[in-house]
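Below is one structure, written out as structure tokens, with a few remarks after it.
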Amino acid sequence: MITSFNPDNGQPNQTHVGINPTALAINPQSGAILTTNFGGKSASIVDTVTSPKTVQTLGLPGSAQFGVAIDQFTNLAVIVDQANNRVLLFPMPN
């Protein structure tokens, strides 16, 4: 679960993602959030445009520990899998 804060009304908002999120990246241009989730060996995509909600959770093969980033101009997500010496790339939804 991740928690965001709405400064307009002062209320926190909790969004369910995969088990034990350990890395988070946000694209400020599109409002997309990507988390990698250690406990579930997965990645979750969160849409923040209308209200924060998880739109997709994807299984990740291999190691359960990943680093993430999103290029704000191309909206391309980068997931680093150090245990297997690889980088996974995929386009984020608009």
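No lab work stands behind these numbers, since they all come straight from the coordinates. Because the structure is a prediction, the values reported are computed rather than measured. Because the Cβ atoms are built from the backbone with ideal geometry, glycine has one as well, and the counts that use them run over all protein chains shown.
Within the shell defined by Cβ-Cβ distances under 14 Å, the residues around Ile26 carry a net charge of -2, with Lys and Arg each +1 and Asp and Glu each -1. On full extension, the segment bounded by His16 and Ser51 gains 11.3 nm, given 0.36 nm per residue less the C-alpha separation.
Eigenvalues of the alpha-carbon gyration tensor of the chain, scaled by 5 and square-rooted, set the equivalent ellipsoid semi-axes at 23, 16, 10 angstrom, largest first. When you count the other C-beta atoms within 10 angstrom of each residue and take the mean per peptide, 11-20, 83-92, 32-41 line up highest first as 32-41, 11-20, 83-92.
Would you mind calculating the gained length between Leu24 and Asn9 on full extension (0.36 nm times residue separation, minus the Cα-Cα distance), in nm to one decimal?
Values: separation 15, 0.36 × 15 = 5.40 nm, distance 2.41 nm.
Length difference between fully extended and current span is 3.0 nm.
Between Leu58 and Asp71, the contour length at 0.36 nm per residue exceeds the Cα-Cα span by 2.8 nm.
Residues whose amide H lies under 5 Å from that of Gly40, counting only those 5 or more places away or on a different chain, are Ile19; hydrogens are built 1.01 Å from N in the peptide plane.
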